[in-house]
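The next block holds one structure in the form of structure tokens; read it before the comments.
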Amino acid sequence: MATDQDLVIETVRGLLAKHEPFDPTPERRWDEGLWSALAENGLTGVGLPESAGGSGGDLADAVAIVRTLASGAGAVPVAEQLLVAGPAVVAAGLPLPPVDEPLTFGIADGVAASPSGDAWTLTGTATDVAWAGVAAHVALLATGPEGEVLALLPTADLPASGAVNLAGEPRGSLTLEGVPALVAPLTAAQVRELRAGFALARAVQLAAALEQVLAWTVQYAGERQQFGRALAKFQAIQMELAEMAGEVTAVTALTDAAVQALGHGDENFSLAAAAAKVRAGAAVEVVARLAHQVHGAIGFTQEHKLHHLTKRLWSWRDEAGSELVWSRVLAQGLLAEGPDGLWPALTRAV
Amino acid sequence: MSNPLTLAPAPRSEAAERVRGEVRDFLAEELAAGTFSTHVDTWLSGVDPEFSRKLGERGWLGMTWPKQYGGHERTAMERYAVTEELLAAGAPVAAHWIADRQSGPNLLQYGTEKQRQEILPRIARGECYFVIGMSEPDSGSDLASIRTKATRNEAGDFVVNGAKVWTSNAHVSHYGIVLVRTSPVDTTNRHAGMSQLLIDLSLPGITINPIRILDGGHHFNEVVFEDVVVPGDMLLGEEGNGWHQVTAELAFERSGPERFLSTYPLMAEFARRVAASGDPAGLVALGRLSARVLALRQMSLRIAAALDRGELPNIPAALVKDVGTTFEADVIEEVRRVVDVLPSLDSPDPLARALAEAQLHQPGFTLRGGTNEILRGIVARGLGLR
């Protein structure tokens, strides 16, 4: 297993180059070929311990893979597997499914986990499950008799609704009626970190896609000629691109810091992740709006590649908790030590 | 594709966290003793030489400079922690701010040995203050159009004529580092022919006239030079190299926490209000503002780390200032959207006071040190657009 991040990124880019982004349809809901290629290269187990069946490597490697796939609009559940469900399953002491089979994650407050003898069953509906109907296994944050639990189950035989997000990525519901699952209880801190980890995974994807949208827009402005010169030569366009760059740089700086906090096991990790998700989500409005504005009408069509990322940006910002949800969590966390505690809390958060 | 303006993440610094704690304890003691009260934008308006001297005594000025010049040979990351704590507390740091941030490093780079030995230790003690003499009545964003002129006399001294404006706190400062024309305008290279002079503000022929800002405060001045004789050895750096010298120092000027914390005292009052009321909309607004502060801290820390590596990241610094000063102004509107409060400079309500101070200082945030339009032009260059 390569641990050098540049090599990892180069490998993923090489695979992506053979798998153009596409608009998912009911017939082709994900990029199975891309997934297989990633799995064959050992990239779907990166950051997960070899002792549990993963490919080893560290968090930074896994993040590099997720970033590269996000910027290439790869339609595969890698962020869920490498950054959320995989680590959660391992941490909870549950057996990690084979890493060449896609594993996804869902927050399922409406699913009750009930013990029966040594086994557990799940009943209820898990909504907005990323890659429902595509993933082979799902880890659900469900409600147990004494608090929240992590439930792991195969999904092959489960009916999934065909709901999708704005980019066509599967976000269906799983209806469970006494379905057996492996279940591990979670502490309140574990639940908080799991939710934050999910938010951070989306923030990492957002950061990468925002960077790519900026790069595409800079490139387009340099190529597109109007009034006898490139768009990039107009001050009005330069101001817009600079504003985009400010947003993108802010998101990258904070998201990287939150990933670092996760890697260090910081106790304030959940606040760092909350802030990263809020900041990344807030940048989407500016960056997507200005990217489309600079691209003009061609960017508003399915013929041009821009929509593959802007539609994901508009979806991901509301997934795993929107800015509304996480800004409240962030503020409450920062004020936990009292009305005068904001500044010390800010300097501790990341 | 990675963004060309993104710098490497800052490493964690235990030394910075240690000195942060010391500064925090000092500020708590001073606040309790009533030696200062919290205000918005105190790096412009909070002149308190006594406070500056206390910081000097504790080794918190000239922190990164060599010990032989009164400095403390600490890292930019440690200096970052000190300055950010002072700003967050709304402490009166204006007297020494420019000297410590900018003029000192400028002298270290370009000053003569004599200038360094005489002046730097005084800055580090919090006793010697500086102004930046760049803008003129007819030269704002177009700095290369300055007209203040210095000509050599027979003795080899400079004779300076002209006027500089927006010189913050010139009336309490000792020196100015003044950008002047030492050669006539070269139409083929308008950045040529300028030089930096180190000028003692007590010299004959210098008149300092107050220019009041919107809240009536006297921070800005017009500094008029009429046949001011400046000794020839007060040339800073090379004659004709002034443009390069002023643009080279911009990473120091544009990347620090003062570019996003000028209205932090308003945000802190807002947080107290939200903590008391528990208003859900207030919590959301506070969370959104906090996420922006946290991102800006990381951006600014990356610049501090780059300075510690010996780099001069001027373009990323311009970006920090653009994003940061936009944020400083946005704090006002975010607060107003969720709290019903009348801004008033003499209100007993600290939130009303902070809001009033922030509002009346707000137009300056996105002007001083390079307007945001100029900054975005620099960023556009960094993106390869021009």
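Does at least one position in region A:148-163 carry a residue that is surrounded by 14 or more Cβ atoms within 10 Å (Cβ to Cβ) and either in the same structural domain as A:PHE198 (by TED's automatic domain parsing) or under 17 Å from A:ARG28 (Cβ atoms) (or both)?
For region A:148-163, residues surrounded by 14 or more Cβ atoms within 10 Å (Cβ to Cβ) and either in the same structural domain as A:PHE198 (by TED's automatic domain parsing) or under 17 Å from A:ARG28 (Cβ atoms) (or both): present.
Residue by residue, here is whether (1) under 30 Å from B:LEU342 (Cα atoms); (2) acidic (Asp, Glu) holds:
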residue: B:GLU222; (1), (2): no, yes
residue: B:GLU226; (1), (2): no, yes
residue: B:PRO231; (1), (2): no, no
residue: B:LEU236; (1), (2): no, no
residue: B:GLY240; (1), (2): no, no
residue: B:TRP243; (1), (2): no, no
residue: B:GLU249; (1), (2): no, yes
residue: B:GLU258; (1), (2): yes, yes
residue: B:LEU266; (1), (2): yes, no
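Being among the basic types (Lys, Arg), modelled with pLDDT under 95 and more than 21 Å from the chain's Cα centre (by Cα), is that true of even one residue in region B:7-28?
Yes.
Do we have A:GLY14 as at pLDDT 95 or above and either within 22 Å of A:GLY106 (Cα to Cα) or within 14 Å of chain B (Cβ to nearest Cβ) (or both) here?
Spelling it out, it is not the case that A:GLY14 is at pLDDT 95 or above and either within 22 Å of A:GLY106 (Cα to Cα) or within 14 Å of chain B (Cβ to nearest Cβ) (or both).
Here's a check for you: in region B:331-360, which residue that is acidic (Asp, Glu) and touching a residue at least 12 places away in the same chain (Cβ under 8 Å) is surrounded by the fewest Cβ atoms within 10 Å (Cβ to Cβ)?
Applying the filter and picking the extreme gives B:GLU334.
Kindly list the number of the only condition in (1) in contact with a Leu (Cβ under 6 Å, 6 or more places away or on another chain); (2) closer than 28 Å to A:GLU169 by Cβ that fails for A:LEU342.
If we test A:LEU342 against (1) in contact with a Leu (Cβ under 6 Å, 6 or more places away or on another chain); (2) closer than 28 Å to A:GLU169 by Cβ, just (2) comes out false.
How many residues are more than 8 Å from every other protein chain (Cβ to nearest Cβ) and in contact with a helix residue (DSSP H, G or I) (Cβ under 9 Å, 6 or more places away or on another chain) when one looks only at region A:312-347?
The number of residues fulfilling the criteria is 16.
All but one of (1) more than 9 Å from chain B (Cβ to nearest Cβ); (2) of a type in the set (A, V, I, L, M); (3) surrounded by fewer than 20 Cβ atoms within 10 Å (Cβ to Cβ) hold for A:MET239; state the number of the condition that does not hold.
Every listed condition holds for A:MET239 apart from (1).
Just checking, does region A:101-110 include any residue being touching a helix residue (DSSP H, G or I) at 6+ places or on another chain (Cβ under 9 Å), more than 26 Å from A:GLY263 (Cβ to Cβ) and surrounded by fewer than 24 Cβ atoms within 10 Å (Cβ to Cβ)?
yes
In region A:190-212, is there at least one residue being farther than 26 Å from A:GLY72 by Cα, outside the structural domain of A:GLY333 (by TED's automatic domain parsing) and crowded, with 22+ Cβ neighbours inside 10 Å?
No, region A:190-212 contains no residue that is farther than 26 Å from A:GLY72 by Cα, outside the structural domain of A:GLY333 (by TED's automatic domain parsing) and crowded, with 22+ Cβ neighbours inside 10 Å.
Given B:GLY369, B:GLY310, B:GLY324, which one is within 14 Å of chain A (Cβ to nearest Cβ), among the small types (Gly, Ala, Ser) and either surrounded by fewer than 20 Cβ atoms within 10 Å (Cβ to Cβ) or within 29 Å of B:PRO9 (Cα to Cα) (or both)?
Only one candidate qualifies: B:GLY324.
Which numbered condition trips up A:VAL350, out of (1) of a type in the set (A, V, I, L, M, F, W, C); (2) at the interface with another protein chain (Cβ under 7 Å from one of its Cβ atoms); (3) without any contact (Cβ under 8 Å) to a residue 12 or more places away in the chain?
Every listed condition holds for A:VAL350 apart from (3).
Before we move on, is A:ASP31 closer than 29 Å to A:GLN302 by Cβ and either at pLDDT below 95 or outside the structural domain of A:ARG312 (by TED's automatic domain parsing) (or both)?
For A:ASP31, the condition - closer than 29 Å to A:GLN302 by Cβ and either at pLDDT below 95 or outside the structural domain of A:ARG312 (by TED's automatic domain parsing) (or both) - is met.
Restricting to region B:48-87, name every residue that is within 18 Å of B:GLY310 (Cβ to Cβ) and within 18 Å of the chain's Cα centre (by Cα).
Correct list: B:MET63, B:THR64, B:TRP65, B:ALA76, B:MET77, B:GLU78, B:ARG79, B:TYR80.
Go through region A:212-231 and count every residue that is touching a Phe, Trp or Tyr at 6+ places or on another chain (Cβ under 9 Å) and either at the interface with another protein chain (Cβ under 8 Å from one of its Cβ atoms) or assigned to a helix (DSSP H, G or I) (or both).
2
Kindly list, by first and then second residue, each pair from a residue in region B:368-386 that is within 16 Å of A:GLN219 (Cβ to Cβ) to a residue that is assigned to a helix (DSSP H, G or I) and β-branched (Val, Ile, Thr), limited to pairs with Cβ atoms under 6 Å and residues at least 6 apart or on different chains.
Between residues of region B:368-386 that are within 16 Å of A:GLN219 (Cβ to Cβ) and residues that are assigned to a helix (DSSP H, G or I) and β-branched (Val, Ile, Thr), the close pairs are B:GLY382/B:ILE315; B:LEU383/A:VAL218.
So which of A:GLY106, A:GLY93, A:GLY74 ends up being within 30 Å of A:HIS308 (Cβ to Cβ), outside any strand (DSSP E or B) and out of contact with any Phe, Trp or Tyr (no Cβ under 6 Å at 6 or more places or on another chain)?
After ruling out the rest, the residue left standing is A:GLY74.
Are any residues in region B:130-166 closer than 19 Å to B:ASP227 by Cβ and in a loop (DSSP other than H, G, I, E, B), and if so, which ones?
B:PRO137, B:ILE146, B:ARG147, B:THR148, B:ASN153, B:GLU154, B:ALA155, B:GLY156, B:ASP157
Give A:PRO26, A:PRO49, A:PRO98 a once-over and let me know the one that is over 15 Å from the mean Cα position of the chain (by Cα), surrounded by fewer than 16 Cβ atoms within 10 Å (Cβ to Cβ) and closer than 19 Å to A:HIS264 by Cα.
A:PRO49
So which residues in region A:242-254 are free of Cβ contacts under 8 Å to residues at least 24 places away in the same chain and either more than 7 Å from chain B (Cβ to nearest Cβ) or touching a Cys at 6+ places or on another chain (Cβ under 8 Å) (or both)?
none
Report the residue count in region B:150-176 for those that are touching a Phe, Trp or Tyr at 6+ places or on another chain (Cβ under 9 Å) and not aliphatic (A, V, I, L, M).
13
Every residue, every condition in (1) out of contact with any strand residue (DSSP E or B) (no Cβ under 9 Å at 6 or more places or on another chain); (2) not polar (S, T, N, Q), yes or no:
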| residue | (1), (2) |
| --- | --- |
| A:ALA130 | no, yes |
| A:LEU150 | no, yes |
| A:PRO185 | no, yes |
| A:GLN205 | yes, no |
| A:GLN235 | yes, no |
| A:LEU241 | yes, yes |
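Inside region B:66-116, can you point out the residues that are within 14 Å of another protein chain (Cβ to nearest Cβ) and not acidic (Asp, Glu)?
Scanning region B:66-116 gives B:MET77, B:TYR80, B:ALA81, B:VAL82, B:THR83, B:LEU86, B:LEU87, B:ALA88, B:ALA89, B:GLY90, B:ALA91.
Could you check region B:126-159 and list, in sequence order, the residues that are among the charged types (D, E, K, R) and either in contact with a His (Cβ under 9 Å, 6 or more places away or on another chain) or outside the structural domain of B:ASP227 (by TED's automatic domain parsing) (or both)?
Passing the criteria: only B:GLU127.
Can you give me the ranges of the helices (runs of 4 or more DSSP H) entirely in region B:175-286 with at least 1 residues that are within 14 Å of another protein chain (Cβ to nearest Cβ)?
B:250-254, B:264-277
The values are calculated or read from the model by the stated rules, or taken from the named source; none is laboratory data. Since the structure is predicted, the reported quantities are computational estimates derived from the model, not experimental observations. Please note: Cβ atoms are built from the backbone with ideal geometry, for glycine as well, and neighbour counts cover all protein chains shown.
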